[in-house]
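> One structure, pasted below without further comment.
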Amino acid sequence: MAIITISRGTYSGGRELANHLASELGYRLLSHEELFAIAAREFGVSEEKLEDALMHKPGLLERLGLKRIHYLASITAAMTEAIQSDNVVYYGYAGHLLIHGVPHHLRVKILATMEYRIKLTMEREGINREAAINRIHKIDEERDQWTSSVYGFDRNDLSLYDLAINLERISIPDAAQTIIELTRIGFRTTPQARKLVDDMVLANGIRAKIALDPNISDDDIKVEACDGLVTLKGKINSIPEADKCRELARQFPGVKKIDSQMKIR
């Protein structure tokens, strides 16, 4: 059992590979659209704003009335909850970054030449060559700027991935078989990995609730969880805000103890 994320450039065949892979493995297929819907439903955030914030270049967030930490916390919490039972193939934005540190997470990067992507874009969207090129460049630019601004990474840095596949040279069935073999060899779920994800689900859920409370200045708050012990760290504006953070944490099932290490600014 494993978690597989498929990262790809615009129109490079990643969606088709994810569908084939999920079918072959019998895994749940999770798209970024479904992830947005889960986050919106779970945390009461506008799905449209989440999608806009995650798909457009930095600067739009402030006009939407959101801070990056707010939507990221919600989406990260939704992602960790979605993978808690394992057996997931995710394709979409930033999957390899949202669950960074999960040991049974195989991070796949899909590569394709510009010519391959142009052809696929023209076929899928029914547009001419010039429009396809403009569309690819626009989306790539926004995703590059978003990843760099939010995470400080170049999303094309291959060191962020475990496997890179060129679908122009390798067929989707062959690529899927390669990924399946890798999951069997080195990406199986262990009791330690399962515990890590359980702790992440609790910590990220609490973090999202704190981020979405308009009465808490949450930019510097960090939440950690281990076997039901929840640790709150960072700086906050007032004692009432710290009390509210503890109150929100206590509401989560599985919380046994809260260690508040927050400091007043």
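> What shape does segment 84-127 take by its C-alpha gyration tensor, where a ≥ b ≥ c are the square roots of the eigenvalues and a/c under 1.5 counts as rounded, a/b above b/c as prolate, and the rest as oblate?
Because a/c hits 1.5 or more and a/b exceeds b/c, segment 84-127 counts as prolate.
> While we're here: Classify the chain: rounded, prolate or oblate, from the alpha-carbon gyration tensor (a ≥ b ≥ c, eigenvalue square roots; a/c under 1.5 rounded; otherwise prolate if a/b is larger than b/c)?
Since a/c reaches 1.5 but b/c is at least a/b, the shape of the chain is classed as oblate.
> Let me check against my output: what whole-number percent is the relative contact order of the chain, with C-alpha pairs under 8 Å and at least 6 apart?
Over the chain, the number comes to 24 percent.
> Can you sort 150, 89 by solvent-accessible area, 1.4 Å probe, largest first?
Greatest to least solvent exposure: 150, 89.
> Here is a follow-up. From the helices alone, meaning DSSP H stretches of at least four residues, give me the mean residue ellipticity at 222 nm for the chain, per-run term -39500 (n - 2.57), in deg cm²/dmol to the nearest 500. Mind dumping the intermediate values first?
Values: 11 runs with 140 residues, N = 265.
When only DSSP H runs of four or more count, the value is -16500 deg cm²/dmol.
> Give me the percent of the accessible area of segment 163-265 that comes from carbon and sulfur atoms, probe 1.4 Å, all protein chains in place.
On the way: 2980 of 5730 Å².
Carbon-and-sulfur percentage of accessible area, whole number: 52.
> Rounded to the nearest 20 debye, what is the charge dipole size of segment 85-140 about its Cα centre when +1 sits on each Lys and Arg Cβ and -1 on each Asp and Glu Cβ?
100
> Considering only protein heavy atoms, with the full assembly of protein chains and a 1.4 angstrom probe, order 235, 244 by accessible area, largest first.
235, 244
> Provide the per residue accessible area, probe 1.4 Å, for the chain, rounded to a whole number of square angstrom.
I get 48 Å² per residue for the chain.
> Modelled label-to-label distance, residue 233 and residue 144, 7 Å Cα→beta-carbon offset: nm?
A separation of 3.4 nm, rounded to one decimal place.
> Quick one: accessible surface of residue 5, probe radius 1.4 Å, all protein chains present, in square angstrom to the nearest 10.
About 0 Å², rounded to the nearest 10.
> Shifting gears a bit: Just to confirm my numbers, what's the Cα centroid distance between segment 82-151 and segment 201-265 in Å?
Here the two parts' Cα centres lie 33 Å apart.
> Please state the shape class of segment 109-207: rounded when a/c is under 1.5, otherwise prolate if a/b exceeds b/c and oblate if not, all from the C-alpha gyration tensor.
Oblate is the answer for segment 109-207, as a/c is 1.5 or above yet b/c matches or exceeds a/b.
> From the protein chains alone at 1.4 Å, what is the descending order of accessible area for 43, 252, 153, largest first?
Most to least solvent-accessible, the answer reads 153, 252, 43.
> May I pose another question? Count neighbours as other Cβ atoms within 10 Å of each site's Cβ, and list the chymotrypsin sites (Phe, Trp or Tyr not before Pro) in segment 65-134 that are DSSP loop with at most 14 such neighbours.
Of the chymotrypsin sites (Phe, Trp or Tyr not before Pro), not one in the loops of segment 65-134 has a Cβ with at most 14 other Cβ atoms within 10 Å.
The values are calculated or read from the model by the stated rules, or taken from the named source; none is laboratory data. Just so you know, these numbers come straight off a predicted model, no measurement behind them. Using ideal geometry, Cβ is built from the backbone for each residue, glycine included, and neighbour counts are taken over all protein chains shown. Only protein heavy atoms, including side chains, enter the accessible area calculation; ligands, DNA and RNA are left aside. Shrake-Rupley method; radii C 1.70, N 1.55, O 1.52, S 1.80 Å.
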